[in-house]
Each structure stands twice: as C-alpha cells, then as structure tokens.
Amino acid sequence: MNVVSETSYGLGPKFPAIEGGREIIEEIVQKLSALLGEEGLELNKFAKLQGVGELNLKITALPDEVKIEVLEPQPRLNLMGWLKSNITGALVSPKQLTVQINRFPDLTVEVKS
C-alpha cells in the first residue's frame, strides 16, 4: 500500500504556517459572523450594525489608503434605536479610518497605534 502524505503530494508552492495571527483572525471571524447574523454587531450601548447575511465589497488600493465600497445589500447602522442609515463605504489608512454613512457625515477615527 502506498501512503501519500500532505507534504509529498500536490502541485504549487508550499507555504509556512502563519504565526502570531490566530487571535486577530478569531476576532475578525467573530465580528463578521455577528455582523452578518440576525443579532447584528453591537458597537457600544448606543450603536449596532445589522448585516443582511452577506457583504458585497469593491476594494480599491489608492496611494496611502484602501477604499472599500459596500455594494447592495448594505449593512444598516442603528443609533439609539431611532436613527438608522446604511454604511456605504470606508477609507482605511495607517493614520485614520473613515466610515461613510448614507445621509450622515462621515465618521473618522484616528489610528493611534
């Protein structure tokens, strides 16, 4: 009998295991699962994001930042239970994160570290 191991079979390059990324990946998976699920993702006691089961994104690399456009269906932002709008996109740079909200001013958060 011939046993084929994972290391001796397959085409293409072999990549080393990822080190130091498990906690970040777990956090991303948990937050995306909450966002896309029925309960939504609570940002704080006043704000909650509610997805619709899937995210359709268009991501564009710009000089010094990444532009993320959220295509339909868009996640819904619920502020204090009565202010509601859709998240339409984001700009991500090493210095700040800007979230674009339909019919509201952009929300900009500084990245300190």
- Please enumerate the residues belonging to the range 42-51 that are part of a loop (DSSP other than H, G, I, E, B) and of a type in the set (A, V, I, L, M, F, W, C). Leu43, Phe46
- Item | Set Glu39, Glu69, Glu54, Glu26: member being surrounded by 10 or more Cβ atoms within 10 Å (Cβ to Cβ) and assigned to a loop (DSSP other than H, G, I, E, B) | Glu39
- What are the residue pairs meeting all of these: first residue in the range 53-75, first residue under 18 Å from Ala34 (Cβ atoms), second residue part of a loop (DSSP other than H, G, I, E, B), Cβ atoms under 7 Å, and 6 or more apart or on different chains? Val70/Leu55; Pro73/Val52; Pro75/Gly51
- Select, from Lys95, Lys84, Lys67, the only residue that is touching a Gly at 6+ places or on another chain (Cβ under 8 Å) and not aliphatic (A, V, I, L, M). Lys67
- Task: Would you mention how many residues in the range 85-111 are under 21 Å from Leu32 (Cβ atoms) and in a strand (DSSP E or B)?
- Result: 15
- With respect to the numbered conditions (1) part of a helix (DSSP H, G or I); (2) surrounded by fewer than 10 Cβ atoms within 10 Å (Cβ to Cβ); (3) among the polar types (S, T, N, Q), which one is the sole condition not fulfilled by Ser33? (2)
- Note on the structure: When every residue in the range 72-92 that is surrounded by 14 or more Cβ atoms within 10 Å (Cβ to Cβ) and small (Gly, Ala, Ser) is compared, the one nearest to Leu107 (Cα to Cα) is Ala90
- Item | Criterion violated by Gln50 - all others in (1) out of contact with any Lys or Arg (no Cβ under 8 Å at 6 or more places or on another chain); (2) of a type outside the set (Ser, Thr, Tyr); (3) under 20 Å from Lys84 (Cα atoms) satisfied | (1)
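Every read-out reported here was derived from the displayed coordinates using simple, explicitly stated rules and does not represent laboratory data. What you are looking at is a predicted structure, and each value in this text was computed from that prediction instead of being measured. Glycine gets a Cβ as well: all are built from the backbone with ideal geometry, and neighbour counts include every protein chain shown.
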